[in-house]
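The values are calculated or read from the model by the stated rules, or taken from the named source; none is laboratory data. The model shown is predicted, which means the values in this text are computed figures rather than measured ones. Here the Cβ positions follow ideal geometry from the backbone for every residue, glycine too, while neighbour counts run over all protein chains shown.
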Amino acid sequence: MVFPFPTLSADEKESLDAILDAFRSFAKDHIDMKKHDHDGRFPDAMREGFHALGLMGLNIPEAYGGFGASATVFNRVFGEIGATDPALAVYFGAHQSIGCKGITLFGTEEQKQQYLPRCASGELVAAFCLTEPGSGSDAQAMKCSATLSADGSEYLLNGTKIWISNAGYAGLFTVFAKVPIVVDGKPKERVTAFIVERDTTGVSLGKLEEKMGIKASDTRSVIFDNVRVPVANRLGDVGQGFKIALEILNSGRLGLAAGSARGTRQIMNEAIAYAKQREQFGRPIASFEMLRRKIALAAAECYAADAAWFLTAGMVDRGGVDFSLETAACKVYNSEMAYRASNEGLQIAGGMGYSKEFPFEQSVRDSRIMLIFEGTNEILRALIALMGLQQPGERLKALGKALQDPINGFGAISSYLAGRARSTLNKPDFTKVHPAFEDEAELVASQIHASRARSSLPSASTARRSSSANTCRSAWPTPPSTST
């Protein structure tokens, strides 16, 4: 997982630097985070200028008018936008990371040709429609339906989606609905994805949501009332919608992780600058140990957060591996770190931090959504724990089958019992431990051994522990050898 640690090629670095320079130059004159927060909307001229930079097609393939950026480059730019204006990062990410991502990953050639060039130019802004009044992370509970017409040419789409980022700006929606089918003579429903254009008859929007933060990001309900969707606009096969949604959300979570890390650096730099010039008892408050401790902890966590998302982006770029656990862990760790850092930044600024004159109170409001977006952190912790326990679960499943036929399954049973005995009686033997951490590794091994000896019964806290261990494993990658 850690080796080789990803690096950018010289060409990629040159392209990234050019993109960042262009964005920073544009932001200096045209992006006013406080005004966007106050007005609750982006000026049309600002959005048009942002589109003209070519950023709306950053990770859309070049063959369809995009830049074709790697996950590493895309998420580095995502982080820069997030540090400048979190609401603009939501606009940018909701469009590319999740809005039109399904077309890039699962669309037919005709669908890609029809929609991606317009998404890349910003002519079409995209949105992702999954959440409903009665279903969020539990996508299987959705009520939105799509019924195939008698002649098999179109679907009739009905239902309501809520909390849709970019809804008011969007001209294109990726929508998930249940399609009724018959399997072995029995009626079933299968979650399926569709591409729906905003100007289709029967599509309407709810009122603009008044949110705590990221106010300029347009969030509304989207209502589908007998909307006729051509079969050609079905994304993937019938029943493939749940898989499509999960793959899209994996992409979005990585963007949130990168944005959280960069945003943390930005707000802590603001806090440090304030602490250096604010004096109490005849000296800058930056000289007091308690404040230094806050800043040092935030810096250490931010270093880990940057390493985690960068490493995971490298895995995505290399391909051939399932990175869903890593993206979930990055999102959980980085979003919680960003929210803590925002609160600490406000605390360092004291009463000034509570004023709208300074960026700290907005940072607290804007960063809070990151713990909820694209799977709440509680749901993602359950996912991380489940994936961490998957391999032991498969072993126990094999054991269960063996116990039903103990004679033929003797080998599996004896292997399991021997493994249990070894894990209980012997201390774990960690491999690839950095020399600087040998003492700590020995201490951890001793504690694990003692815990196993006391009890091996699973409990409600097992999932939480597994989740925390897997999250920290992603957030704190193994350090490189001191010999290199």
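Can you tell me which residues in segment 298-323 are of a type in the set (A, V, I, L, M) and touching a residue at least 24 places away in the same chain (Cβ under 8 Å)? Residues satisfying the conditions are Ala298, Ala299, Ala304, Ala305, Ala307, Ala308, Leu311, Ala313, Met315, Val316. Of everything in segment 120-143 that is hydrophobic (A, V, I, L, M, F, W, C) and in contact with a Ser or Thr (Cβ under 9 Å, 6 or more places away or on another chain), the residue that is farthest from Phe176 (Cα to Cα) is Ala126. Answer yes or no as to whether Phe92 is crowded, with 22+ Cβ neighbours inside 10 Å, among the aromatic types (Phe, Trp, Tyr), at pLDDT 95 or above and not assigned by TED's automatic domain parsing to the domain that holds Gly213. Considered against the rule, which asks whether it is crowded, with 22+ Cβ neighbours inside 10 Å, among the aromatic types (Phe, Trp, Tyr), at pLDDT 95 or above and not assigned by TED's automatic domain parsing to the domain that holds Gly213, Phe92 comes out as yes.
Okay, residues lined up against (1) of a type in the set (Val, Ile, Thr); (2) touching a Phe, Trp or Tyr at 6+ places or on another chain (Cβ under 7 Å); (3) not in a helix (DSSP H, G or I):
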{"residue": "Asp322", "(1), (2), (3)": "no, no, yes"}
{"residue": "Glu326", "(1), (2), (3)": "no, no, no"}
{"residue": "Lys331", "(1), (2), (3)": "no, no, no"}
{"residue": "Gly353", "(1), (2), (3)": "no, yes, no"}
{"residue": "Leu383", "(1), (2), (3)": "no, no, no"}
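When segment 156-212 is limited to residues that are part of a strand (DSSP E or B) and charged (D, E, K, R), the one that is nearest to Leu249 (Cα to Cα) turns out to be Lys161.
Just one of the listed residues (Val332, Val316) is of a type in the set (A, V, I, L, M) and modelled with pLDDT under 95, and it is Val316. Quickly run through segment 224-278 and pick out the residues that are within 27 Å of Thr160 (Cα to Cα), among the charged types (D, E, K, R) and not in a helix (DSSP H, G or I). Matches in segment 224-278: Asp225, Arg228, Arg234, Asp237. Checked against (1) touching a residue at least 40 places away in the same chain (Cβ under 8 Å); (2) in a strand (DSSP E or B); (3) surrounded by 14 or more Cβ atoms within 10 Å (Cβ to Cβ), Ala216 passes all but condition (2). Within segment 145-163, can one find any residue that is within 28 Å of Asn75 (Cα to Cα), of a type outside the set (A, V, I, L, M) and under 22 Å from the mean Cα position of the chain (by Cα)? Scanning segment 145-163, I find at least one residue that is within 28 Å of Asn75 (Cα to Cα), of a type outside the set (A, V, I, L, M) and under 22 Å from the mean Cα position of the chain (by Cα), so the answer is yes.
Quick grid of which residues meet (1) free of Cβ contacts under 8 Å to residues at least 40 places away in the same chain; (2) outside any loop (DSSP other than H, G, I, E, B); (3) surrounded by 21 or more Cβ atoms within 10 Å (Cβ to Cβ):
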| position | (1), (2), (3) |
| --- | --- |
| Gln96 | no, yes, yes |
| Gln113 | no, yes, no |
| Ala127 | no, yes, yes |
| Ser137 | no, no, no |
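Condition check ((1) surrounded by 16 or more Cβ atoms within 10 Å (Cβ to Cβ); (2) touching a residue at least 12 places away in the same chain (Cβ under 8 Å); (3) assigned by TED's automatic domain parsing to the domain that holds Tyr115) across all residues:
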site: Thr160; (1), (2), (3): yes, yes, no
site: Ile164; (1), (2), (3): yes, yes, no
site: Tyr169; (1), (2), (3): yes, yes, no
site: Phe176; (1), (2), (3): yes, yes, no
site: Ile181; (1), (2), (3): no, yes, no
site: Gly185; (1), (2), (3): no, no, no
site: Lys188; (1), (2), (3): no, no, no
site: Ala193; (1), (2), (3): yes, yes, no
site: Arg198; (1), (2), (3): yes, yes, no
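Applying the set (1) outside the structural domain of Val179 (by TED's automatic domain parsing); (2) basic (Lys, Arg); (3) surrounded by fewer than 19 Cβ atoms within 10 Å (Cβ to Cβ) to Lys143 leaves exactly one unmet item: (1). Mind checking whether some residue in segment 79-89 is within 22 Å of Leu371 (Cβ to Cβ), part of a loop (DSSP other than H, G, I, E, B) and modelled with pLDDT of 95 or more? Yes, segment 79-89 has at least one match.
Filtered by the rule that a residue be crowded, with 18+ Cβ neighbours inside 10 Å and among the acidic types (Asp, Glu), segment 306-348 gives Asp306, Glu326, Glu336, Glu344.
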